[in-house]
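Only one structure is covered here, and it is reproduced in the block below.
The values are calculated or read from the model by the stated rules, or taken from the named source; none is laboratory data. All values reported here derive from a predicted model rather than from experimental measurement. In this analysis, Cβ positions are derived from the backbone assuming ideal geometry, glycine residues included, and neighbour counts consider all displayed protein chains.
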Amino acid sequence: MNPYRHFIGVITAALQAMQAAGELPAPLDFSAITAEPPRDPNHGDIATNAAMVLAKAAGKKPRDIAEPLLARLKADPDVVDGSVAGPGFINLKIADGFWRARLRDCLAAGIAYGDSSMGQGRRINVEYVSANPTGPLHVAHARGAVVGDALANLLAKAGYAVTKEYYINDAGAQVDKLGQSTYLRYREALGETIGEIPEGLYPGEYLKDVGAAIARRDGARWIDRPQDEWLPAMRAFAIDTLMAEIKADLATLGVDIEVYSSERALVESGAVDRAFAELTAQGLIYQGRLEPPKGQKPDDWEDREQTLFRATQFGDEVDRPLKKSDGSWTYFANDIAYHHDKFRRGFADMIDIWGADHGGYVKRMKAAVSAITARQGELDVKLCQLVRVMRNGELVRMSKRAGTFVTLRDLLDEVGPDVVRFTMLTRKNDAPFDFDLVKATEQSRENPVWYVQYGHARTRSVLRQAAAAGVAIDGLDSTPLDRLGDAGELSLVRLIAQWPRQVEAAAAAHEPHRIGFYLYDLAAAFHAHWNRGREEPALRFVVEGDPELTRARLALVQGIGIVIGSGLKIFGVTPVEEMR
């Protein structure tokens, strides 16, 4: 149960009773009513804006709604007190027994605690990574991979039917350059001196292995053959090889993508033509000229009549070209077809995780999705800012193999997948991020990865020690919990009860990093309470001579471990049983 959503229901029922009594007009829209923890815990357990959001429609002052509403809410057995604050906010104090019952929910559900029906099985496509198959994944790709994967896991826990997808950009100029670069390395592998890699091609040493593999397979077959013969072979082999490496790195990171879509296959299937026909039928394609960009006109600016999409009808600043001067499709046209294909596969809800360098592309793509789906589809784009890898405050040198960047493989070899995943989620996706290799592995409160994992390990340690002392730790979900009366214990119980709300709120906002903040707060509260027990023996989890109180406290410890484990599962991080 999400207790805050539960109390929205209680508040709504009280408002409907007020309508039935003639104290409020009908109908009224209750959809904007919220119930959430007050910013100041001293104000109570739940705050609601009900009177504030209904006042205008009801033709009343907020306090004139709040005071009779509060009187009705106080009649609920779970509400022990309340007050009207400021212009009309209502603060409620909820009975301790209600919160203890949520701990029992947690114990009964286990790792499934916090699972929600909010998504109601609605299908949603999360596309992430989608790196060009022209080289190994780098650390910025890692951030997109982690954010996308955690978001997909979060949405699944919130009740959505999620599909994880990777779009392979295997068409266009960049993969032709890959094929040309591979051909140079192929000739090099056969003993030819190729000199410096020409500008515009890929200089990374990772292509040496690809060229050598083709040389072993085909010998000198492609030497002195025209480009139109060797390019498709080089391109295809390089793409297959690099995609296999990308998939292996993602697997090591713990990312299991279900669908790999090929841009080349999409184009060859006629999908771009179908999308173009759809937009044409809607009257959204025309021949026209674009104004040059504001400011200095680019040297390559060409004032010509073009095939344009009416993107401005869907919120974009300018209409967008769909064909190049040679008549071929633009990259944007291919992207429209790809998102149209998603919609045709049953995904009205789409989330794309992109790199920060695609920020200027968001509006046109959202406009295109709205148009190609006749406004039935919705695209949310999450931009991941760049990542700098640091060691002791200094930038880490680039990978020699990659040539220009630190690879995901380098990072995984250094700190491991769990540290990479959790650390990447300690900042919002659109905030710049410095990945400090030293801080990410140090054992201190300043390292959220270690601190949260230590919290989980400590719950397991407490339960092991209790069992070693002869305390029965089976069946804690049925033990009486009313002995949990210390303020610190009840605070932990309320934090556990917030978990379902955290899941739903983070899923609704498409912000998995919120889970990391919550887990850190829960771990911090648990560590603080454990330290209190060292100073005050009466607060220890195992109380000699009082098995009932001991089992109640162990139930609390078990609940904390369940919630941390549930959160780490969303993050794709393995909870540790003990710290080493």
- Message: Given the options Tyr183, Tyr202, name the one that is assigned to a loop (DSSP other than H, G, I, E, B), touching a Leu at 6+ places or on another chain (Cβ under 8 Å), in the same structural domain as Met234 (by TED's automatic domain parsing) and among the aromatic types (Phe, Trp, Tyr).
- Response: Tyr202
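Among the residues of segment 522-567, write down those that are in a loop (DSSP other than H, G, I, E, B) and among the small types (Gly, Ala, Ser).
The first filter runs over segment 522-567 and keeps only residues in a loop (DSSP other than H, G, I, E, B), leaving 536, 540-546.
Residue satisfying the conditions is Gly545 alone.
I want to confirm something. Restricting to segment 448-504 and keeping residues that are charged (D, E, K, R) and within 30 Å of Lys93 (Cα to Cα), which single residue is surrounded by the fewest Cβ atoms within 10 Å (Cβ to Cβ)? Step through it out loud before you land on a result.
The first filter runs over segment 448-504 and keeps only residues charged (D, E, K, R), leaving 458, 460, 464, 474, 477, 482-483, 486, 489, 494, 501, 504.
The next check asks that each one be within 30 Å of Lys93 (Cα to Cα); those that pass are 477, 482-483, 486, 489, 494, 501, 504.
Values: Asp477: 17, Asp482: 10, Arg483: 18, Asp486: 15, Glu489: 20, Arg494: 21, Arg501: 21, Glu504: 22.
Result: Asp482.
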- Within segment 435-485, tally of residues that are farther than 20 Å from Leu522 by Cα and either among the aromatic types (Phe, Trp, Tyr) or touching a Cys at 6+ places or on another chain (Cβ under 8 Å) (or both): 1
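Can you confirm whether segment 520-529 contains a residue that is at pLDDT below 95, surrounded by fewer than 17 Cβ atoms within 10 Å (Cβ to Cβ) and among the hydrophobic types (A, V, I, L, M, F, W, C)? Talk me through it step by step, then tell me what you get.
Start the filter on segment 520-529 by keeping residues that are at pLDDT below 95, which leaves none.
Taking every residue of segment 520-529 in turn, none turns out to be at pLDDT below 95, surrounded by fewer than 17 Cβ atoms within 10 Å (Cβ to Cβ) and among the hydrophobic types (A, V, I, L, M, F, W, C).
Can you tell me which residue in segment 485-501 is nearest to Trp99 (Cα to Cα), limited to those that are of a type in the set (Gly, Ala, Ser), out of contact with any Phe, Trp or Tyr (no Cβ under 6 Å at 6 or more places or on another chain) and part of a helix (DSSP H, G or I)?
If we take residues in segment 485-501 being of a type in the set (Gly, Ala, Ser), out of contact with any Phe, Trp or Tyr (no Cβ under 6 Å at 6 or more places or on another chain) and part of a helix (DSSP H, G or I), then Ser491 is nearest to Trp99 (Cα to Cα).
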- Only one of (1) at positive phi; (2) buried (at least 16 other Cβ atoms within 10 Å of the Cβ); (3) not small (Gly, Ala, Ser) is not met by Arg375, so which one is it? (2)
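Could you check segment 320-355 and list, in sequence order, the residues that are farther than 23 Å from Ser262 by Cα and surrounded by fewer than 21 Cβ atoms within 10 Å (Cβ to Cβ)?
Within segment 320-355, the first condition is being farther than 23 Å from Ser262 by Cα, and the residues that meet it are 320, 325-326.
Within segment 320-355, Ser325, Asp326 qualify.
Provide a single number: the residues in segment 354-367 that are over 20 Å from Tyr166 (Cβ atoms) and at pLDDT 95 or above.
Kept after step one, since they are over 20 Å from Tyr166 (Cβ atoms), are these residues of segment 354-367: 359-360, 363-364, 366-367.
In the following step, the residues that additionally are at pLDDT 95 or above were identified as 363-364, 366-367.
Count: 4.
Regarding Asp115, is this residue more than 30 Å from Tyr206 (Cβ to Cβ) and part of a loop (DSSP other than H, G, I, E, B)? I'd like the intermediate steps shown before the answer.
Details: more than 30 Å from Tyr206 (Cβ to Cβ): yes; part of a loop (DSSP other than H, G, I, E, B): yes.
Yes; evaluated as a whole, the condition is true for this residue.
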- Query: Is it the case that some residue within segment 404-427 is assigned to a strand (DSSP E or B), touching a residue at least 40 places away in the same chain (Cβ under 8 Å) and surrounded by fewer than 17 Cβ atoms within 10 Å (Cβ to Cβ)?
  - Reply: no
- Note on the structure: Counted residues in segment 463-476 being touching a residue at least 40 places away in the same chain (Cβ under 8 Å) and either in a loop (DSSP other than H, G, I, E, B) or closer than 11 Å to Arg100 by Cα (or both) come to 4
- Query: So which residues in segment 275-307 are surrounded by 15 or more Cβ atoms within 10 Å (Cβ to Cβ) and modelled with pLDDT of 95 or more, if there are any at all?
  - Reply: Ala275, Phe276, Glu278, Leu279, Leu284, Ile285, Thr307
- Message: Regarding segment 113-124, can at least one residue be identified that is closer than 22 Å to Val419 by Cα and of a type outside the set (Gly, Ala, Ser)?
- Response: no
- Only unsatisfied item for His358, checking (1) closer than 18 Å to Ser261 by Cβ; (2) surrounded by fewer than 20 Cβ atoms within 10 Å (Cβ to Cβ); (3) touching a residue at least 40 places away in the same chain (Cβ under 8 Å), is (3)
- Task: Within segment 107-127, track down each residue that is more than 18 Å from the chain's Cα centre (by Cα), surrounded by 15 or more Cβ atoms within 10 Å (Cβ to Cβ) and hydroxyl-bearing (Ser, Thr, Tyr).
- Result: Tyr113
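Considering only residues that are of a type outside the set (A, V, I, L, M), surrounded by fewer than 22 Cβ atoms within 10 Å (Cβ to Cβ) and not in a loop (DSSP other than H, G, I, E, B), which ones fall in segment 505-517? Walk me through it before giving the result.
We begin by selecting, within segment 505-517, every residue of a type outside the set (A, V, I, L, M); these are 510-514, 516-517.
Within this subset, residues satisfying the condition of being surrounded by fewer than 22 Cβ atoms within 10 Å (Cβ to Cβ) are 510-511, 513-514, 517.
Answer for segment 505-517, where residues must be of a type outside the set (A, V, I, L, M), surrounded by fewer than 22 Cβ atoms within 10 Å (Cβ to Cβ) and not in a loop (DSSP other than H, G, I, E, B): His513, Arg514, Phe517.
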